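Here the structure comes first, spelled out in structure tokens, and everything after it is commentary.
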Amino acid sequence: PVSELSHGSQRLLGVAMALATGPSLLMLDEPAAGLHDDEVAVLGEVLSALPSTGVSVLVIDHNMKFLLGLCTRIVVLDSGEKLIEGTPSDVIANPKVIDVYLGSQFQGEEPDTGHGLATTDSQDERGSGTEITQLHAARAASTSKVNDVVTADGVALSAESARLSVRALTAGYGSVTILRDISLTLGDGEVITILGPNGAGKTTLLRSISGATRVFSGVIEYNGQSIAGRSPNQIVRLGIAHVLEGRRVFSSLTVEENLKVADLAARA
């Protein structure tokens, strides 16, 4: 059953369905998003074989190593305008492309010739300067209210003193496990960031905390109170708000009406 497939397998099935129509032109919108390395390699092999069968391929993706091993020509857009068009080697060597998209880590790199090295790391984030890194490090040291009690390994904040405590969390969709034994703590007034490539489980972690995803096992506590298994509306009323990736605003309502809906939900 499709409901028991992983996110990556469902994406590959979507590509297979498109190919089943026997197209002469195949368009793909971020097909590598959420795929593991081996799945990206399989996808790359399938797509690379299509031109020899007479099928043209137009693909959009952020996985640059995947694209560089696949495409014969790349078109780069920036703010709705065409920045450059050319071979992969020409594009990744272009100073404008490096500046607005690839980042300095691609400076002087040659494109991969195969998909064995394909990676799920997204390259849509630009390299940050040293001065920005230093600025954020200074702000974190001066504003965090819990740093004084965090040990060298960064995990000394006790569950009792945490605003949010997640311990040994395992969660997923249907019978598919996405998160495995995840633990973290968030202190009062602290800001933490969850990093990881597409498909790593970042969104699933937030959905598990807000009650939108099934928790298989583990503990989620908010202000010392267990919230695992509670409904999203109950969790919102406890004081946890979640800005979803898909936004989920009501497009049929005005801005004012959207804000009133949120206010009513909070006071209900």
Checking the structure you have, find out if any residue of the range 28-41 is among the small types (Gly, Ala, Ser), crowded, with 20+ Cβ neighbours inside 10 Å, in a helix (DSSP H, G or I) and touching a residue at least 60 places away in the same chain (Cβ under 8 Å). no
What number of residues in the range 206-252 are open to solvent by 50 Å² or more (accessible area, probe 1.4 Å), assigned to a strand (DSSP E or B) and farther than 15 Å from residue 172 by Cα? 2
Could you check, for the range 253-261, whether at least one of its residues is of a type outside the set (Val, Ile, Thr), under 24 Å from the mean Cα position of the chain (by Cα) and not in a helix (DSSP H, G or I)? no
Within the range 194-207, is there a residue that is over 30 Å from residue 36 (Cβ atoms) and in contact (Cβ under 8 Å) with a residue 24 or more places away in the chain? no
Test for residue 87: is it of a type in the set (Ser, Thr, Tyr), open to solvent by 80 Å² or more (accessible area, probe 1.4 Å) and more than 24 Å from residue 177 (Cα to Cα): no
Consider only pairs whose beta carbons are under 6 Å apart and that are at least six residues apart or on different chains; among these, list those whose first residue lies in the range 61-85 and is free of Cβ contacts under 8 Å to residues at least 40 places away in the same chain and whose second residue is of a type outside the set (Val, Ile, Thr) and in a loop (DSSP other than H, G, I, E, B). 61/30; 61/32; 67/61; 84/94
Looking only at the range 10-25, which residues are over 19 Å from residue 51 (Cβ atoms) and surrounded by 10 or more Cβ atoms within 10 Å (Cβ to Cβ)? 10, 11, 12, 13, 14
Can residue 203 be described as of a type in the set (Val, Ile, Thr), under 23 Å from residue 233 (Cβ atoms) and open to solvent by 40 Å² or more (accessible area, probe 1.4 Å)? yes
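The values are calculated or read from the model by the stated rules, or taken from the named source; none is laboratory data. Owing to the predicted nature of the structure, the values given are computational and were not obtained by experimental measurement. Cβ: placed from backbone, ideal geometry, glycine included. Neighbour counts: every protein chain shown. With ligands, DNA and RNA removed, areas are computed over all heavy atoms of the protein, side chains included. Shrake-Rupley method; radii C 1.70, N 1.55, O 1.52, S 1.80 Å.
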